[in-house]
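Novice: Sharing a structure below in structure tokens format, with a few things to ask.
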Amino acid sequence: MATYYPPLGFHFRVDIEGITADGNDVRFQEVSGLNVSVGEFTHNEGGENRFVHRFPDRVSYEKLVLKRGMLKGSKLIGWFKDAIEGFSFSPKDVTVTLLNEEHQPLEAWSFIQAYPVKWSISGFNAQANEIVTETIDLSFQYFRRLEV
């Protein structure tokens, strides 16, 4: 019987519709925000004091956060600048794919109609020997797990 090993989280790629064709914009050091939760509301029933009824409510998602070393001439940053400086939003689908050791997809998640809402750059420190990193936050309508 074969032994199962859970996948490692350090080998992945990010594809952004119409942006990541050149290969540089797929490389990130960290992706976070693959979280979803179902809200709930409560209802107090008259005469029932032992508990309250709980019912499912809307689904909510965190922002997708992409972090990488600063990349000059990036189409992704051009997309962000269009949104922030020109207030011209062009939502795009984003796919995050977890890869195995042969660079084959293991799992993938598709973020529908994503658009940039925040960009930050790491601080500069003359006493530290660190890479300048940029962090890009994306809002989206929803995400779904893809069959690979």
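Novice: Could you check how many residues of the stretch 61-96 are aromatic (Phe, Trp, Tyr) and either without any contact (Cβ under 8 Å) to a residue 60 or more places away in the chain or surrounded by fewer than 16 Cβ atoms within 10 Å (Cβ to Cβ) (or both)?
Specialist: So the answer is 3.
Novice: Mind listing whichever residues of the stretch 111-131 are under 18 Å from LYS67 (Cα atoms) and assigned to a strand (DSSP E or B)?
Specialist: Listed by number, the residues that qualify are PHE111, ALA114, TYR115, PRO116, VAL117, LYS118, TRP119, SER120, ILE121.
To keep it simple, each residue is scored yes or no on (1) more than 21 Å from GLU134 (Cβ to Cβ); (2) at pLDDT 95 or above; (3) not β-branched (Val, Ile, Thr).
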site: LEU66; (1), (2), (3): no, yes, yes
site: ILE77; (1), (2), (3): no, no, no
site: PHE80; (1), (2), (3): no, no, yes
site: SER88; (1), (2), (3): no, no, yes
site: GLU102; (1), (2), (3): yes, no, yes
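Novice: Could you please tell me which pairs satisfy a Cβ distance under 8 Å, a separation of 6+ or placement on different chains, a first residue in the stretch 1-19 that is over 30 Å from LYS81 (Cα atoms), and a second residue that is assigned to a loop (DSSP other than H, G, I, E, B)?
Specialist: What qualifies is PRO7/ASN100.
Novice: For the stretch 32-44, check the following and say yes or no: at least one residue is among the hydroxyl-bearing types (Ser, Thr, Tyr), surrounded by 10 or more Cβ atoms within 10 Å (Cβ to Cβ) and modelled with pLDDT under 90.
Specialist: no
Novice: Tell me the residue from LEU98, LEU76 that is in contact with an Asp or Glu (Cβ under 8 Å, 6 or more places away or on another chain) and more than 18 Å from GLY18 (Cα to Cα), please. Steps first, please.
Specialist: Details: LEU76 fails: more than 18 Å from GLY18 (Cα to Cα).
Step by step, each of LEU98, LEU76 is checked, and only LEU98 is in contact with an Asp or Glu (Cβ under 8 Å, 6 or more places away or on another chain) and more than 18 Å from GLY18 (Cα to Cα).
Novice: Residues being part of a loop (DSSP other than H, G, I, E, B) and either of a type in the set (Val, Ile, Thr) or buried (at least 18 other Cβ atoms within 10 Å of the Cβ) (or both): count how many of those fall in the stretch 132-148.
Specialist: 3
Novice: Looking at the stretch 100-146 only, could you name the residues that are free of Cβ contacts under 8 Å to residues at least 24 places away in the same chain and over 18 Å from the mean Cα position of the chain (by Cα)?
Specialist: GLU102, GLN104, SER122, GLY123, PHE124, ASN125, ALA126, GLN127, ALA128, ASN129, GLU130
Novice: Might you check whether a residue that is more than 17 Å from THR20 (Cβ to Cβ), out of contact with any Phe, Trp or Tyr (no Cβ under 8 Å at 6 or more places or on another chain) and modelled with pLDDT under 90 occurs anywhere in the stretch 112-125?
Specialist: No: zero hits.
Novice: Please go through the stretch 86-107 and give me each residue that is among the hydrophobic types (A, V, I, L, M, F, W, C) and touching a strand residue (DSSP E or B) at 6+ places or on another chain (Cβ under 8 Å), ordered by number. Steps first, answer last, please.
Specialist: We begin by selecting, within the stretch 86-107, every residue among the hydrophobic types (A, V, I, L, M, F, W, C); these are 87, 89, 94, 96, 98-99, 106.
Listed by number, the residues that qualify are PHE89, VAL94, VAL96, LEU98, LEU99, LEU106.
Novice: When GLY73 is evaluated against the numbered criteria (1) at positive phi; (2) at pLDDT 95 or above, which criterion, by number, is the only one it fails?
Specialist: Checking GLY73 against (1) at positive phi; (2) at pLDDT 95 or above, the one that fails is (2).
The values are calculated or read from the model by the stated rules, or taken from the named source; none is laboratory data. Not measured: the values here are computed from a predicted model. In this analysis, Cβ positions are derived from the backbone assuming ideal geometry, glycine residues included, and neighbour counts consider all displayed protein chains.
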